[in-house]
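> Right, I'll just put the structure down here and ask away after.
The values are calculated or read from the model by the stated rules, or taken from the named source; none is laboratory data. Computed from a predicted structure; not experimentally measured. All Cβ positions, glycine included, derive from the backbone under ideal geometry; neighbour counts span all protein chains shown. For accessibility, only protein heavy atoms count, side chains too; no ligands or nucleic acids. Shrake-Rupley method; radii C 1.70, N 1.55, O 1.52, S 1.80 Å.
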Amino acid sequence: MPAPEPNDQNTDDLHFDVHASVVFQLGESLISDVVQALVELVKNAYDADAKSVRVIVDTKATPGKDSAYPNAKGYIAIDDTGVGMDYNTIKRGWLTISNSPKREMKREHKVTVLKRTPLGDKGLGRLGTQRLGSNLEIYTRPEGSDTEYYVAFSWKDFASATKLSDVPLRIEQYPAKRKKGTRLVISDLLDKSYWGENADVKLQADLSRMISPYRDVRKFIVTAKVNGKRLDLIQFADQIRKTAQIHYRIDFDGENFLVKGQTRLDFFKPEVPKELEEFKELVEKDEGKEFYKFLINQTRAKDYYLKKSKDAGWFVEFEYRKKFSDFDDLQEVLVSDEESEIANPGPFSGEIDSFDLGMESVERQNVFNSVSAYREHIKNISGIRVYRDGFGVRVDPDFLQLGKQWTSAKSYYGLKPGSTMGYISLSAKENAQLEEKTDREGFKITAYYLNFYEMITAFADFTQNVQGFIRRGYVKFRRQNQEKLAKVERDATPEEVAKHINQRLSRAASYKGDLEGLRGKLEVTANDAQEKLHDIETTLSKNSTQQQELKAATLTLKRSLLDAQKSVAKVELYLAEVVDSSAGVKVLESHIQTLKDQVVQFYDTMSLGLTAEALSHEIHNIAVQLAYRTEQITQHLESSKDSKLISYTEFVNTSVNGLRKQLRHLDPSLRYVREKREPVVLTNLFKEILDYFHSRFEKRDIEARLKITNANGFVLDINKGKLVQIIDNLFLNSEYWLREDIRLGRINHGVITIELARPFVRISDNGRGIESTVETSLFEPFVTTKRKGKGRGLGLFIVRQLLDSEGCAISLLPKRNANNRQYVFELNFTGALHGSEQTGSNGNQ
């Protein structure tokens, strides 16, 4: 190839350069709107150790005759009391695009004199000013200096300049007239739609969302005026928060996640007038003492650390505790080529309040003069917001996704998005790993953020569970008291209630006979009384006082007897209806039995469905591998003329596709159709099951060990299908947690141990064990510590129901592992021992 022809141009002058207009592209992509631009400038004041900052907006006036742009219409002035800027800071911090000394401070973990970690590090503040206005002026006096600096330039000049260095810049210095700090003046305001009518209302609402209104989170004071009108940046008055019915406090110290909640007695108060009267009698009359006794004795009260509140005005307190390392599905980050660690987002805290906007509750508040004003205020401040050192991070308005949980059903007792508000407080120092997007619109999705959100999601789940528990506790308490009034035994089954009603109704027939006899006697007595009164009347003087009194008494008696006869007739009709309703009770009993049968079928369906889900997953993996290998063989045979081989590979591909199609349409309604019990030798059964799971467990670095303590003649009369489903559920549960522990490096190898000790089977593993918060409620429906989408909380509940249907039971032994957690499941098969094996079984424990 011939060398290029020489020319007169000097190639040494060729180099990269940046056109001045690039700042517009950067500003538009990094700063989304007017409010974000303004907040970035306020953050600069915070980073400069200002104790206060003042924002003045005048959309009609000019910046004044001393300004470099005296005729510019509309201006924004931002004054702070910070450390100010010297010449080098102006040069490096303001005039060098994208350079930020703060970035270096963060990297070296340095803080300011007031111990603040800088919030800014991208050089966004200066670029954001172009969103606000065309011109920028800086007046600044550095701390400890007698010199004041003045800088002025127009963003319009960037459009016409070829290079950044060609942009005209005015910079002066002179003896200081102002105190330390910085004043920015941005003139010739741009966004006419925002700065038009009601600009003060819009800015007040927007700034209140971006600068924390919570006293505990505010690090310094921000005041603002728009066209001479002072803005009231919403600050939560303590009296408003005191109207909340529920309050939560969140604290994460880097190792332990703790949520403390408390609720007022009003949380249980119904809105329906009839139920309200009942509530006053049952709860308010003794200030909830009997209700608390009932609540504290519920099974899950221990799981929630329920106790009486010591704070005035609050009823009960509850807690959620969890070590960070115990959270499910935590993400890791690499710390070296061969080593990783769990991504810890750093300590944070938060507070959340929930309000009741129902008429009864709203009318009890005394903060606002009107119901509408109170509701409007709550609406304006609703939402869970995230603040970093008091400045808002723009996240989804429903950050906790309460809207997805919430339903309008009466049985929903969780937090509602429209009446819940609060904050999560982060800091630049402790939560540097939680990075915001370049445009400040939310967080970057990193391992640190996902683990942070895992904890926040756990909080949201806890609120739904605990509020559901205590509200349903009141429903049970109310029902129990209704049972007392109805003289029905506590916890009576539906069948027993129906029997009780039937017994009461059956007496109606005998009462009806008695009433008919009474009516006959009443008629005879009435006739006798009239005859005797007539005889007495004939012996008295005509028109005498005695005769007149006797006539009046006779008339009254006749009327009373007539009324009594009418009442007896009505009671007879009612008793006839009561007798007829006995037949309705028999229908009710029939329906109850049908429902019980359907529930049993539901347990069977759910259990088989869980195994079918795992089976379909395994078959899917096999199908994928088979399709992949077949594709490789097909490519290898492309040049072959062997029609049989080609036909075979096509057949395999067709079969795999058909199998995938069947898996996609797997009928979820499969259920047991085998109710036949048969003798099952447990040693043989477990060898079959372990052989089935061997390859699956081996791939996951899990081992199953069978330990036979006493299995001599350990034979059950049981439905084998149900028994297999029970064992499968327990194995799959162990597998899930062991895989998590292996993934996070807590253990190197998983071990599931099965011990046969007639009449017991004990299953345990070397994982973390059962979390203490669910020890007492593990076998109840919808109780799980798996993250959302990974567990339904039905597996162990169904295991218990299936064992119960066979006369057997399951429990969690009190024995604890090295993590101080219970970990051994014991299945008691006494009720299913084969033939004479039931006799004397207790002696072989």
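> I need the P(r) histogram for region 18-87: all alpha carbon pairs, bin width 5 Å from 0 out to the longest distance, whole percents.
3, 13, 16, 16, 23, 22, 6, 0
> While we're on this one: What FRET efficiency, computed as 1/(1 + (r/R0)^6) with R0 = 60 Å and r the Cβ-Cβ distance, is obtained for Thr457 and Val571, rounded to the nearest 0.05? Before the final figure, lay out each step's value.
Working: r = 62 Å, r/R0 = 1.03.
Working from the Cβ atoms, E equals 0.45.
> In terms of solvent-accessible area of protein heavy atoms at a 1.4 angstrom probe, what is the ranking of Phe16, Phe829, highest value first?
Phe16, Phe829
> If amide H atoms are built 1.01 Å from N in the plane of the peptide, which residues on other chains or at least 5 residues away come under 5 Å of the amide H of Glu436?
Counting only residues 5 or more places away or on other chains, the set is Lys444.
> On to the next question. With the cut-off at 1.5 for a/c, could you classify region 226-328 from its C-alpha gyration tensor as rounded, prolate or oblate?
It comes out oblate by the Cα gyration axes.
> If you stretched the chain out fully between Ala564 and Thr299, how much longer would it get, using 0.36 nm times the residue separation minus the C-alpha to C-alpha distance? Before the final figure, lay out each step's value.
Details: separation 265, 0.36 × 265 = 95.40 nm, distance 5.38 nm.
That works out to 90.0 nm of additional length.
> In Å², and per residue, what accessible area does region 273-318 have when probed at 1.4 Å with the other protein chains present?
With all protein chains present, region 273-318 gives 61 Å² per residue.
> Starting with the highest mean, order 68-75, 796-803 by the number of other Cβ atoms within 10 Å, averaged over the residues of each peptide.
Details: 68-75: 17.9, 796-803: 21.9.
Result, highest mean first: 796-803, 68-75.
> Can I ask one more? For region 184-339, which whole-number percentage of the solvent-accessible area (1.4 Å probe, protein heavy atoms only) is attributable to carbon and sulfur atoms?
Carbon plus sulfur share of accessible area: 47 percent.
> Scan around Val395 for amide H atoms under 5 Å from its own, H built in the peptide plane at 1.01 Å from N, and keep only partners 5 or more places away or cross-chain.
When sequence neighbours closer than 5 places are left aside, the close amide H contacts are Val386.
> Just the number, please: carbon plus sulfur as a percent of the accessible area of region 706-754, 1.4 Å probe, no ligands or DNA/RNA counted.
48 percent
> Another question about this same structure. Enter the mean projected area of the convex hull around the alpha-carbon atoms of region 200-267, in nm², rounded to one decimal. Walk me through the intermediate numbers first.
Values: hull surface 26.5 nm².
Average of the hull's projected areas for region 200-267 equals 6.6 nm².
> Equivalent-ellipsoid semi-axes (√(5λ), Cα gyration tensor) for region 275-357, whole Å, largest first?
They are 43, 15, 11 Å, listed largest first.
> Sorting check: for 130-137, 471-478, 157-164, which peptide has the highest mean count of neighbouring beta carbons within 10 Å, and how do the rest follow? Don't jump to the answer; show the numbers that get you there.
Numbers: 130-137: 22.6, 471-478: 17.2, 157-164: 13.8.
By packing density, highest mean first, the sequence is 130-137, 471-478, 157-164.
> Here's something else I'd like to know. Within a Cβ distance under 10 Å of Leu813, other residues only, what is the Lys/Arg minus Asp/Glu net charge? Present the calculation step by step, with values, prior to reporting the outcome.
Numbers: positive: Arg762, Lys815, Arg816; negative: Glu826.
Once positives and negatives cancel, what remains is +2.
> Next question. Would you list Asp86, Asp728, Asp691 from the most to the least accessible area, probe 1.4 Å? If you can, show how the numbers build up before the last one.
Details: Asp86 65, Asp728 10, Asp691 115 Å².
The ordering from most to least exposed comes out as Asp691, Asp86, Asp728.
> Anything over 24 Å Cα to Cα? Flag those among Lys102/Lys225; Lys379/Lys476; Lys310/Lys416; Lys269/Lys289; Lys115/Lys202; Lys260/Lys289, in the order listed.
Values: Lys102/Lys225 29 Å; Lys379/Lys476 33 Å; Lys310/Lys416 26 Å; Lys269/Lys289 15 Å; Lys115/Lys202 33 Å; Lys260/Lys289 22 Å.
Long pairs (Cα-Cα over 24 Å): Lys102/Lys225; Lys379/Lys476; Lys310/Lys416; Lys115/Lys202.
> Also, I was wondering about something else. Take each of the peptides 346-356, 767-777, average the number of other beta-carbon atoms within 10 Å over its residues, and list them starting from the highest. Present the calculation step by step, with values, prior to reporting the outcome.
Details: 346-356: 20.8, 767-777: 18.9.
By packing density, highest mean first, the sequence is 346-356, 767-777.
> Another question, then. Taking θ = phi - 60°, what integer Hz values does the Karplus form 6.51 cos²θ - 1.76 cosθ + 1.60 yield along region 458-469, in sequence order, with x for Gly and Pro?
Each residue's phi maps through the Karplus curve to give 4, 4, 4, 5, 4, 4, 5, 5, 6, 5, x, 5 Hz.
> So what does Ile211 come to for accessible area, using a 1.4 Å probe and Å² rounded to 10?
Result for Ile211: roughly 10 Å² accessible.
> Quick one: of Lys91/Lys180; Lys242/Lys786; Lys687/Lys720; Lys65/Lys179, which pairs are farther than 23 Å apart, Cα to Cα?
Details: Lys91/Lys180 19 Å; Lys242/Lys786 35 Å; Lys687/Lys720 14 Å; Lys65/Lys179 21 Å.
Over 23 Å Cα-Cα: Lys242/Lys786.
> A further question on this structure: Report Asp326's accessible area, 1.4 Å probe, all protein chains in place, as a number in Å² to the nearest 10.
Near enough 20 Å² of accessible area.
> Suppose R0 equals 35 Å. What FRET efficiency, 1/(1 + (r/R0)^6) with r the Cβ-Cβ distance, do Lys115 and Asn88 give to the nearest 0.05?
0.90
> Would you mind classifying region 422-472 by shape? Square roots of the alpha carbon gyration tensor eigenvalues, ordered a ≥ b ≥ c; an a/c under 1.5 is rounded, otherwise it is prolate if a/b is larger than b/c and oblate if not.
prolate
> Of all alpha-carbon pairs in region 159-302, indicate the percentage at a distance above 18 angstrom.
Counting pairs separated by more than 18 Å, the tail of P(r) holds 79 percent.
> Please label the shape of region 696-803 as rounded, prolate or oblate, based on the square roots a ≥ b ≥ c of the eigenvalues of the alpha-carbon gyration tensor (a/c under 1.5 means rounded; beyond that, a/b larger than b/c means prolate, else oblate). Could the numbers behind the result be given before it?
Details: a/c = 1.90, a/b = 1.22, b/c = 1.56.
Here region 696-803 falls in the oblate category.
> Return, for the Cα atoms of region 114-243, the radius of gyration and Dmax in Å, separated by a comma.
Values for region 114-243 (Cα only, Rg and Dmax): 18.5, 61 Å.
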